[in-house]
1. Quick check: anything in the range 191-204 in contact with a Phe, Trp or Tyr (Cβ under 7 Å, 6 or more places away or on another chain), of a type outside the set (Asp, Glu), in contact (Cβ under 8 Å) with a residue 24 or more places away in the chain and within 22 Å of residue 144 (Cβ to Cβ)?
2. What residue, of 433, 439, is modelled with pLDDT of 70 or more and in a helix (DSSP H, G or I)?
3. For residue 184, which of the numbered conditions (1) in contact (Cβ under 8 Å) with a residue 40 or more places away in the chain; (2) over 26 Å from the mean Cα position of the chain (by Cα); (3) buried (at least 16 other Cβ atoms within 10 Å of the Cβ) fails to hold?
4. Restricting attention to the range 148-181, report how many residues are open to solvent by 40 Å² or more (accessible area, probe 1.4 Å) and either free of Cβ contacts under 8 Å to residues at least 40 places away in the same chain or more than 29 Å from residue 353 (Cα to Cα) (or both).
5. Which members of the range 354-365 meet the condition of being open to solvent by less than 80 Å² (accessible area, probe 1.4 Å), outside any strand (DSSP E or B) and within 26 Å of residue 253 (Cβ to Cβ)?
6. Go through the range 12-79 and tell me which helices (runs of 4 or more DSSP H), entirely inside it, have 2 or more residues that are within 16 Å of residue 98 (Cα to Cα) and modelled with pLDDT of 85 or more.
7. Restricting attention to the range 208-249, which residues are within 25 Å of residue 293 (Cα to Cα) and open to solvent by 30 Å² or more (accessible area, probe 1.4 Å)?
8. Condition (residue is closer than 19 Å to residue 299 by Cβ and either modelled with pLDDT under 95 or of a type outside the set (Ser, Thr, Tyr) (or both)) applied to the range 172-181: is it met by at least one residue?
Amino acid sequence: MIGPDVRHAIYQLHQAGMSRREISRRLHVSRSAVRRIIKQQGKFVRQERNDKKQIDVELLERLYRECDGRVQRIHEKLVEEEGVQVGYSTLTRMLRELGLSLRQPTRCDHVPDEPGAEMQHDTSPYRLKLGGQWAAVIASLLYLRYSKRRYLKFYRVFNRFLMKCFLHEALMFWGHAAPWCIIDNTNLARLRGVGKRAVIVPEMAAFSRQYGFQFACHEIGHSDRKAGNERSFWTVETNFFPGRTFASLEDLNEQARRWATERMEHRVQTKARVIPAQLFEHERLYLNRLPEHLPAPYQTHLRVTDQYGYVAFGANYYWVPGTGRDEVKVLQYADRLKIFRHYECLTEYALPPDGTRHEHYSPSGQPKPRYQPKNRHRHAKLEEQRLRGLGDDVSAYLDFVLSTPGVQRHRFTRELFALSRKLNDDVFRKTARRAHQYRIVDLATLQRIAWLCLTQEETVLPEPEVDEDFQKRPAYQEGYLTDQPDLSVYDQLSEEKQEEDKQEEDENDEPF
């Protein structure tokens, strides 16, 4: 398509006396196009289709209401009942041009930036290296719109309970809360509806009332309603992540806390050159002041004390004081556990670091439990170390087996080590080399390979070592003068056994 500027230049050059051939050569436009543009005086003439379908607008609006906006049903009624032959794509274009099948975007309100008016919360997923391993985490960020204060924390998963824990931690750190918290249409706080018609989950509505604020969802497609929060995530990606390493999830959260509450609060921000710490001193006069001893959110879990006095929670085991095995209540907080029995708090535990599993904990200052479970998970590090010391062939086979999906690492290592104790080193190395060659991970097959290697062994067994001075031993001197034992009785037993076997064979050979 030739643009309006080129069309105007072609017409002006023609008016100035330049030939059509020269205009075509200079502007790299075909001569037929030059003739057509000169004929149109450089203007763009819109050509209307002669065969364009014309359908009554009132008919389309009526069918759209009757069919509840189902375009396929509208097309069927037009063709079958109204006798209008129209293509499906043409019908959808007409409905779009009339604004029937296309929802018109609504405008977003411009909310003035007033002190103490609102705060904003949102989450964002990331993939980070924690201790050298890639891990998926979810960032949760609370943002005070006027003073630009932030509170940031990362989680492995994020649910409704953790959302309450995060808001409690952030608001108690600030000591104040805004009357409104702007969120997206997340099902963590929204029960049904969207935007202004959203209904908040009763549990979250009751939680927010304790802190003096209400949740408000922005309209769909209007994420800029909490643009300060969205911008904060961009700052996290461009200022917090680069140049930092994280040893664990706890280290990540500690660095995030210092970055959000210390570094960013005293840094000049926005074009207005404001400092969040100074603005907050003014905004706190308009915020709701929170009591110092608001109860932290928790979850209740029912557990049964096992025979060793432990309760299981989060893949770890916690000892319950006393001698009974009653049912107890475990109250899960953001950073600790409390164990209750009959409305009495028996003990309290701090939650272990992220990734801790199969550990047993007992309260400090109290006697340790008398009995310990015997079926604990035992690692096979020592067996693996001894196997690798047998040679490169065994070590290579062990690396192959342990990298195979579905192999129980510690159990296989222990059983392989037990097999190595039954064979000499050369035969075991030959077995491991052959099993690695044929990619064998089954222990029964491995034992058959070991037996095959034993039967094919051509080495001569070593002669037993005999002490030539055995005749000088006191036991030999004491019994060498005794009579030789009579072993003929064993020969008689052997002859009787042969005769019995021969009789059985004769009886079996007799015809019926």
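The values are calculated or read from the model by the stated rules, or taken from the named source; none is laboratory data. Not measured: the values here are computed from a predicted model. All Cβ positions, even for glycine, are placed from backbone atoms using ideal geometry, and neighbour counts span all protein chains on display. Just the protein is used for accessible areas: all its heavy atoms, side chains included, with ligands, DNA and RNA removed. Shrake-Rupley method; radii C 1.70, N 1.55, O 1.52, S 1.80 Å.
1. Within the range 191-204 (the criterion being in contact with a Phe, Trp or Tyr (Cβ under 7 Å, 6 or more places away or on another chain), of a type outside the set (Asp, Glu), in contact (Cβ under 8 Å) with a residue 24 or more places away in the chain and within 22 Å of residue 144 (Cβ to Cβ)), the answer is yes, since at least one residue qualifies.
2. Working: 439 fails: in a helix (DSSP H, G or I).
Of the residues listed, the single one that is modelled with pLDDT of 70 or more and in a helix (DSSP H, G or I) is 433.
3. All conditions are met except number (2).
4. Going through the range 148-181, the residues open to solvent by 40 Å² or more (accessible area, probe 1.4 Å) turn out to be 153, 156-157, 159-160, 169, 172-173, 179-180.
Retained after the next criterion (residues that are either free of Cβ contacts under 8 Å to residues at least 40 places away in the same chain or more than 29 Å from residue 353 (Cα to Cα) (or both)): 157, 159, 179-180.
Count: 4.
5. If the condition is that a residue be open to solvent by less than 80 Å² (accessible area, probe 1.4 Å), outside any strand (DSSP E or B) and within 26 Å of residue 253 (Cβ to Cβ), then 354, 355, 356, 363 are the ones that fit.
6. Of the helices (runs of 4 or more DSSP H) lying wholly inside the range 12-79, those with at least 2 residues that are within 16 Å of residue 98 (Cα to Cα) and modelled with pLDDT of 85 or more span 57-66.
7. 209, 210, 212, 214
8. Scanning the range 172-181 turns up at least one residue that is closer than 19 Å to residue 299 by Cβ and either modelled with pLDDT under 95 or of a type outside the set (Ser, Thr, Tyr) (or both).
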